[in-house]
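Taken together, the values in this text are just the output of simple stated rules run on the coordinates, not laboratory data. On a predicted model such as this, the values are computed, not experimentally measured, just so you know. With ideal geometry, Cβ positions are generated from the backbone for all residues, glycine too; neighbour counts draw on all protein chains shown.
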């Protein structure tokens, strides 16, 4: 039995609440590994004609401040990705990185 099969087998034995925690942990690990490979500048744009020039996810009209607001209210990455299907985990990581480096700009 390979490691993925073993994880799946063990995961099925857990109650749903713990399965959810495992999923959150796996997402965290993916998030952590992907954030090191994505340059924020290629994902976050500030275009005068889009979102009144506020930073947003490239090729969308989704502003960084909105994602940060939802995140601060308790929305998980999984929920945001479900509600904004055009976004990727890399997009969210770039938004969090941008926010951490430009808090004053985003919070105004």
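What the table below lists for this structure:
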{"read-out": "10, 104, 91 arranged by Cβ crowding within 10 Å, fewest neighbours leading", "value": "104, 10, 91"}
{"read-out": "Value at 222 nm in deg cm²/dmol, rounded to 500, when DSSP H runs of n ≥ 4 in the chain each add -39,500 (n - 2.57)", "value": "-18500 deg cm²/dmol"}
{"read-out": "Rounded FRET efficiency, nearest 0.05, which uses the C-beta distance separating residue 83 from residue 54 and R0 of 25 Å", "value": "0.80"}
{"read-out": "Read-out semi-axes √(5λ) of the Cα gyration tensor in Å, derived from the coordinates shown; its label in [x] 26, 14, 12; [y] 32, 14, 11; [z] 21, 19, 13", "value": "[y]"}
{"read-out": "Approximate spin-label separation residue 10-residue 29, in nm, with each point projected 7 Å along Cα-to-Cβ", "value": "1.0 nm"}
